[in-house]
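Trainee: Take this structure, written in C-alpha cells, and hold onto it; I'll ask about it next.
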Amino acid sequence: MGMKEELIQKINDKSLRMGVCGLGYVGLPLAVDKAKHGFRTIGFDIQQKKVDMVNAGENYIGDVVDADLRGLVKAGMLRATSDFSFVKDVDFIAVCVPTPLDSHQQPDISYVRSSAQEIARHLKRGSIVVLESTTYPGTTEELLRPILEEGSGLKCGEDFYLGFSPERVDPGNLIYKTSNTPKVVGAIGSDAAEVISAVYSAVLDGEVHTVSSPAVAEMEKILENTYRNVNIGLINELTILCNKMGINVWEVIDAAKTKPYGFQPFYPGPGLGGHCIPLDPYYLSWKAREYGFHTSMIESSMMINDRMPEYTAERAGRILNREKKALNGARILLLGVAYKQDIDDSRESPALRVMEELVRRGAQVDYYDPYISRCLYRGEWRQGLEALTAKALRGYDLAIVTTAHSCVDYKMVAEAGIPVFDCKNVMKSIESRANIEVL
C-alpha cells in the first residue's frame, strides 16, 4: 500500500492524528473541529499561557463553544503543548501562525519560517503539512518546501505531502464558522491535493474546492481581501466627496443596493481593522515588485483607507468648531475599540488609530467598549469606562461611534445632549438628529 492509500485509509477510519500549529483565532477553532469529528488532535503554541488554558479546558476564542473545548479536553481528544517534538506523533499538521507586517510595511514571515523549522526537525515519512496563514503567492513552494526538505531529509511528494489552504475566519459571524465555510486547497502534486482535500472534507462541513497549485490558493486568499480593500477604498473616497457636496453617502449606498444585479454594497468607516483586509494587499504589492509590476489601483485604495483615521479626526475637529470648542483640550469619548462589531478583538483596530490622531491634536480621549475592558494602546494598557451612562456622556465634548456594537444604547447616547459623530451609521433610526453627524 502506497503513502496516499495509507493516509486515505487513516482518514476513513479516523486513526489519522491531527496537529495544529498556532492556537489563535484560526488555529483553536480548527483544532476543536478536528477533535469534534473524531480525530485525536494536538495543538502547538509557543505561548505557554494558551497551552495551559487549552489543557485546562478554558476557552479564550469567541467562536469556540466553551462546553465543546472542555468536553474534548476531558475526553482526551484534544490537548496542547509547546514542545514541538510531539510533531512526530501526528500525521497531519496545519500551520496557523500570524503573518503581520514589519515596521516598513513589508511581510513578516518569521513566524511561518520558525514554525517550519521546528516542524522539519521532527517530520516523519507519511506526514502532511498544510500552511493556512495568509501570505504572498509562492510562500509554500519557495519558503516552506526547502525548509521542510532540508530540515527533515525527506522529499516533498515522495515522503511527505505539502499544501496551502487559506484560513477563512470571520470572528463574530453568526452564520459562517470554521466548520461550515467552504475551503480551498492547493497542493504540490495531485496525490497531495487529493489527500489534503480528503482531510478537510472529513473534519469540516463546508465544501472543499481543490485548485491546481499552492500559488493559486495563496493568490485566491489575497484576492478575497484585496477585493474588499479596493471596494471599501472606493466608498471611503466617495464618502469624503459626498461630505464636501452635502450628500449623505449612506443614503446613496442604500439607494444603489436596490439594484438586484451588478452592485454589492460596501460601507465607509473610520479605517480598516483586523488581521486580513488592512494587511493582505501589502503582501501582494510587495510580491508584485519582484516582477516589476506596480499595483496602482490596490495601492491607491490602501492609501485612501489608511488616511481615514486622520480624516475622522479632522471631521471631529470641525464638529467641535461648530460648538465653538477647540479639538486641543477637548474631552472625547470613542464608542468601541474592537475592529468590528460584537467581538472582543482590537487587532489593527481603526479606533486606536483615531485615538492616536486625536491625542496628537491635543484631545483627551477615553473609550467605552462592552467587549474590551482594556486595550493595548502605544505599548501600554489603557482602561475603558466600566459603564456607559448619560451622566458619564455629559462629561464629554464629543462622542464618536467607531465600532457598531449592537448592545450599546445609542438612543441614550443621542439624548445625552452632546454632539455625536456616527462613523458607522448605527443611529440612522433615531428621529431627533440635530446633534448627530454621520461620516
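Trainee: Take the Cα atoms of region 60-183, build their convex hull, and give its volume per residue in Å³.
Mentor: Working: hull volume 17.7 nm³, N = 124.
Roughly 143 Å³ of hull volume per residue.
Trainee: Rounded, prolate or oblate: which fits region 1-146, taking a ≥ b ≥ c as square roots of the Cα gyration tensor eigenvalues, rounded meaning a/c under 1.5, else prolate when a/b beats b/c? Before the final figure, lay out each step's value.
Mentor: Values: a/c = 1.91, a/b = 1.12, b/c = 1.71.
Oblate, since a/c reaches 1.5 and b/c is not below a/b.
Trainee: Quick check: Cα centre of region 378-439 to Cα centre of region 3-58, how many Å?
Mentor: A separation of 42 Å, based on Cα centres.
Trainee: Now for a different question. If packing is taken as the mean number of other Cβ atoms within 10 Å per residue, what is the order of 57-69, 24-36, 390-402, highest first? Don't skip to the end; give the middle numbers.
Mentor: On the way: 57-69: 16.5, 24-36: 25.6, 390-402: 19.5.
By packing density, highest mean first, the sequence is 24-36, 390-402, 57-69.
Trainee: Among Phe44, Gly189, Leu334, which residue has its Cα furthest toward the positive end of the charge dipole of the chain, with +1 on Lys/Arg Cβ and -1 on Asp/Glu Cβ?
Mentor: Leu334
Trainee: How long is the gain from Arg307 to Asn55 if the chain were fully straight, where each residue apart is worth 0.36 nm and the alpha carbon distance is subtracted? Let's see the in-between values first.
Mentor: Numbers: separation 252, 0.36 × 252 = 90.72 nm, distance 4.29 nm.
Going from the current span to full extension adds 86.4 nm.
Trainee: Right, another one. How large is the direction-averaged shadow of the alpha-carbon convex hull of region 147-212, in nm²? Mind showing how you got there, number by number?
Mentor: Values: hull surface 20.6 nm².
The Cα convex hull of region 147-212, projected and averaged over all directions, gives 5.2 nm².
Trainee: Separate question: When the scattering of region 256-323 is computed by the Debye formula from its Cα atoms alone, each counted once and equally, what is log10 I(q)/I(0) at q = 0.15, 0.27 Å⁻¹?
Mentor: For region 256-323, the Cα-only Debye profile gives -0.71, -1.11.
Trainee: Would you mind working out the accessible area per residue for the chain, using a 1.4 Å probe, and quoting it in Å²?
Mentor: On the way: 19820 Å² over 439 residues.
Solvent-accessible surface per residue comes out at 45 Å².
Trainee: Here is a further query. Mean-square fluctuation check for the chain, GNM, Cα pairs under 10 Å: which of Lys340, Lys257, Lys287 is largest?
Mentor: Lys257
Trainee: Any chance you could check the Cα centroid distance between region 161-187 and region 62-82 for me, in angstrom?
Mentor: So the two Cα centres are separated by 20 Å.
Trainee: Under a GNM of the chain (C-alpha, springs under 10 Å), which listed residue has the highest mean-square fluctuation: Met297, Met308, Met219?
Mentor: Met297
Trainee: Scan around Ser127 for amide H atoms under 5 Å from its own, H built in the peptide plane at 1.01 Å from N, and keep only partners 5 or more places away or cross-chain.
Mentor: HN-HN under 5 Å from Ser127: Tyr161.
Trainee: In the chain, what percent of the accessible surface is made up of carbon and sulfur (1.4 Å probe, ligands and nucleic acids excluded)?
Mentor: Numbers: 10120 of 19820 Å².
So the carbon and sulfur contribution to the accessible surface is 51 percent.
Trainee: Still on this structure, please answer the following. Under 1.5 on a/c is rounded, so check that first for region 318-439, then, if it is not, pick prolate when a/b is larger than b/c and oblate when it is not; a ≥ b ≥ c are the square roots of the alpha carbon gyration tensor eigenvalues. Present the calculation step by step, with values, prior to reporting the outcome.
Mentor: Numbers: a/c = 1.64, a/b = 1.16, b/c = 1.41.
Because a/c hits 1.5 or more and a/b fails to exceed b/c, region 318-439 counts as oblate.
Trainee: Another question, if that's okay. Relative to the compact globular guide of 2.2 N^0.38 Å, what is the alpha carbon radius of gyration of region 45-84, as a ratio?
Mentor: Numbers: Rg = 9.7 Å, N = 40, 2.2 N^0.38 = 8.9 Å.
Against the compact-globule rule of thumb, the ratio is 1.09.
Trainee: Along its principal axes, what span do the Cα atoms of the chain show, with the longest given first and each in whole Å?
Mentor: Projected onto the principal axes, the Cα atoms of the chain cover 80, 51, 42 Å.
Trainee: Sticking with this one: Quick query: amide H of Val97 versus all other amide H atoms, modeled in the peptide plane; which residues come in under 5 Å with a sequence gap of 5 or more or a different chain?
Mentor: Residues meeting the criterion, in which the H sits 1.01 Å from N, are Glu132, Ser133.
Trainee: Choose one answer from Arg360, Arg145, Arg70: the residue with the largest mean-square fluctuation in a GNM of the chain with alpha-carbon springs under 10 Å.
Mentor: In this elastic network of the chain, the residue with the biggest mean-square fluctuation among Arg360, Arg145, Arg70 is Arg360.
Trainee: Taking amide hydrogens as modeled 1.01 Å from N in the peptide plane, which residues meet the under 5 Å criterion relative to Val185, leaving out close sequence neighbours?
Mentor: Distant-sequence amide H within range of Val185: His209, Thr210, Val211.
Trainee: Classify region 1-86 from the C-alpha gyration tensor, please: rounded if a/c falls under 1.5, else prolate or oblate depending on whether a/b exceeds b/c.
Mentor: Values: a/c = 2.29, a/b = 1.67, b/c = 1.37.
Cα axes put region 1-86 in the prolate bin.
Trainee: Ordered by residue, what ³J(HN,Hα) values in Hz, to whole numbers, does region 408-415 give under the Karplus form 6.51 cos²θ - 1.76 cosθ + 1.60, where θ = phi - 60° and Gly and Pro are x?
Mentor: 7, 7, 6, 5, 5, 4, 5, 8
Trainee: How about region 190-273: which GluC sites (Glu not before Pro) there are in a DSSP loop, with at most 16 other Cβ atoms within 10 Å of their Cβ?
Mentor: Answer in residue order: Glu207.
Trainee: Put a dot 7 Å past each Cα toward the Cβ at Asn12 and Ala390; how far apart are the dots in nm?
Mentor: Placing both labels 7 Å along Cα→Cβ, they lie 6.9 nm apart.
Trainee: I need to check one value: relative contact order of the chain, counting alpha carbon pairs closer than 8 Å and at least 6 residues apart, in percent.
Mentor: Values: 860 pairs, mean separation 45.9, N = 439.
Answer for the chain is 10 percent.
Trainee: Here's another thing I want to ask about it. Under unit Cβ charges (Lys, Arg +1; Asp, Glu -1), what dipole magnitude, rounded to 20 debye, does the chain have relative to its Cα centre? Please report the intermediate quantities before stating the final value.
Mentor: Values: 50 positive and 58 negative charges, 199 e Å.
Magnitude of the dipole: close to 960 debye.
Trainee: Now for a separate question. Mind scanning Lys88/Lys155; Lys183/Lys221; Lys34/Lys221; Lys14/Lys221; Lys177/Lys257 and naming the pairs with a C-alpha gap bigger than 20 Å? Could you put the intermediate results ahead of the total?
Mentor: On the way: Lys88/Lys155 16 Å; Lys183/Lys221 11 Å; Lys34/Lys221 22 Å; Lys14/Lys221 29 Å; Lys177/Lys257 26 Å.
Result: Lys34/Lys221; Lys14/Lys221; Lys177/Lys257 exceed 20 Å.
Trainee: If you project the alpha carbons of region 183-271 onto the principal axes, what extent comes out on each, in Å, largest first?
Mentor: Principal-axis extents of region 183-271 (Cα, largest first): 59, 23, 22 Å.
Trainee: Now, a different point. Return the sequence-ordered ³J(HN,Hα) values of region 79-87 in whole Hz as given by the Karplus equation 6.51 cos²θ - 1.76 cosθ + 1.60 applied to θ = phi - 60°, using x for Gly and Pro.
Mentor: Result, ordered by residue: 8, 10, 7, 9, 9, 6, 5, 6, 4 Hz.
Trainee: Could you give the angle, 0 to 90 degrees to the nearest 10, between helix 110-122's Cα long axis and the longest principal axis of the Cα atoms of the chain?
Mentor: So the inclination is approximately 20 degrees.
Trainee: Still on this structure, I have one more. Pop out the ³J(HN,Hα) list for region 50-67 in order, Karplus 6.51 cos²θ - 1.76 cosθ + 1.60 with θ = phi - 60°, rounded to Hz; leave Gly and Pro as x.
Mentor: Ordered by residue, 3J(HN,Hα) equals 5, 4, 5, 5, 4, 5, 8, x, 9, 8, 9, 10, x, 8, 9, 7, 3, 5 Hz.
Trainee: Kindly express, to the nearest 10 degrees and within the range 0 to 90, the angle between helix 280-289's C-alpha long axis and the longest C-alpha principal axis of the chain.
Mentor: Compared with the principal axis, the helix lies near 70 degrees.
Trainee: Can you say what percent of the DSSP beta bridges in the chain, counting only those with both residues inside, are antiparallel? Round to 5. Please list the in-between numbers first.
Mentor: Numbers: 7 of 48 bridges.
Around 15 percent antiparallel, to the nearest 5.
The values are calculated or read from the model by the stated rules, or taken from the named source; none is laboratory data. What you see is a predicted model, and the numbers here were worked out from it, not measured in a lab. Neighbour counts run over all protein chains shown; Cβ positions are idealised from the backbone, glycine included. The protein model used for the area step is the full one, side chains on, heavy atoms only, and it has no ligands, DNA or RNA in it. Shrake-Rupley method; radii C 1.70, N 1.55, O 1.52, S 1.80 Å.
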